[in-house]
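The structure appears below as structure tokens.
The values are calculated or read from the model by the stated rules, or taken from the named source; none is laboratory data. Given the structure is predicted, the values throughout are model-derived calculations rather than measurements. Cβ: placed from backbone, ideal geometry, glycine included. Neighbour counts: every protein chain shown.
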Amino acid sequence: MNHRSTNSLQLTLRDKTLDLSSPRIMGILNATPDSFSDGGEFNELESAIGQIGLMVSQGASIIDIGGESTRPGSEPVTEQRELDRVLPILEKAIRQFPDTFFSIDTTKYRVAKEALKLGAHMVNDISGLQKEPRFADLCTQYQAGYVMMHSQGNPKTMQEDPTYDDVFNDIYQFFEQQLQTCREKGLKNIIIDPGIGFGKTLDHNLKLLANLDKFKQLGPPILVGASRKSMIGSILNDRPVDDRVTGTVAVHYHAMMQGANIIRVHDVKEAYDSMMVFQALNNIDK
């Protein structure tokens, strides 16, 4: 399937244009002690800035910074603790890497607002406006991007018994409803994310990925984040987290073939290499 029609996709985020005519890499920076994959590695300022620099040098166009773990079973943190974790990193990183787009991964209004005040370009909301509907107005006010992710339940309980009538149709209808709300608020720079692993079984995740191209009918660019997730471990006979890179690349390559515009990853170099191969093959005249 040829997705060259995505060549017209451009988002103006604050004062910068994010060109999604080819897939982009979003690098993950977890400023947390308890994230499932890299918890505790980058919650000090200098190590976080060093990791951002590495990811940018390896090809990340966007850096997504989060101060609250959203792994299954994780406990929520206070607003102040989340602010203390992310704002110093954002403040320094935005100055140091002026050509990079920065995203704040949060469900808290004040955290998002303070990040946008510092110059963040988008808000990545795992609740898709369910937890904080004011994000639509906030992102409109700052002319920022908004990543609308689908999740069922909250991180602490979301994997206990995920249930859908029809996982694809249920999530498609969720996006239709939430996109209508955003448009009524005047929010234009929207990216949708089906939320792999957020209140979904392995079968749910596979069905979403197999039907990903159908989400293109909704209009906004699509983000997919399956990096090192448990679905890959399950497919690979209980492979541990630190040995899921090849599986991650395979899932994200499939997602790009289905029209994904942004892939959210821990391992930027490997993702960028696969994206370059994808681009070379996609741009050949048959």
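For this structure, a couple of remarks:
- Meets criteria (hydrophobic (A, V, I, L, M, F, W, C), under 27 Å from residue 171 (Cβ atoms) and in a loop (DSSP other than H, G, I, E, B)) for residue 271: no
- Qualifying residue in region 177-191 (condition: assigned to a helix (DSSP H, G or I) and charged (D, E, K, R)): yes
- Residues in region 194-226 that are modelled with pLDDT under 95 and within 17 Å of residue 129 (Cβ to Cβ): 198, 199.
- Selection of region 129-152 for residues being assigned to a helix (DSSP H, G or I) and out of contact with any helix residue (DSSP H, G or I) (no Cβ under 7 Å at 6 or more places or on another chain) yields 137, 139, 140, 141.
- You will find that of 145, 128, 53, the residue that is within 30 Å of residue 239 (Cβ to Cβ), modelled with pLDDT of 95 or more, within 17 Å of the chain's Cα centre (by Cα) and small (Gly, Ala, Ser) is 128 and no other.
- In this structure, residue 143 does not satisfy being free of Cβ contacts under 8 Å to residues at least 24 places away in the same chain and either of a type in the set (Phe, Trp, Tyr) or surrounded by fewer than 17 Cβ atoms within 10 Å (Cβ to Cβ) (or both).
- Any hit, region 183-190, residues being more than 17 Å from residue 22 (Cα to Cα), under 18 Å from the mean Cα position of the chain (by Cα) and surrounded by fewer than 18 Cβ atoms within 10 Å (Cβ to Cβ): yes
- For the condition more than 30 Å from residue 57 (Cβ to Cβ) and either part of a loop (DSSP other than H, G, I, E, B) or free of Cβ contacts under 8 Å to residues at least 60 places away in the same chain (or both), residue 216 does not qualify.
- Residues of region 153-176 classified as in a loop (DSSP other than H, G, I, E, B) and β-branched (Val, Ile, Thr), total: 2
- Restricting region 252-265 to residues that are buried (at least 22 other Cβ atoms within 10 Å of the Cβ) and not charged (D, E, K, R), the residue that is farthest from residue 21 (Cα to Cα): 265
- Single residue of region 86-104 satisfying the filter (touching a residue at least 60 places away in the same chain (Cβ under 8 Å) and under 17 Å from the mean Cα position of the chain (by Cα)) that is farthest from residue 129 (Cα to Cα): 101
- Members of region 31-50 found to be modelled with pLDDT of 80 or more and crowded, with 16+ Cβ neighbours inside 10 Å, listed by number: 31, 32, 48, 49
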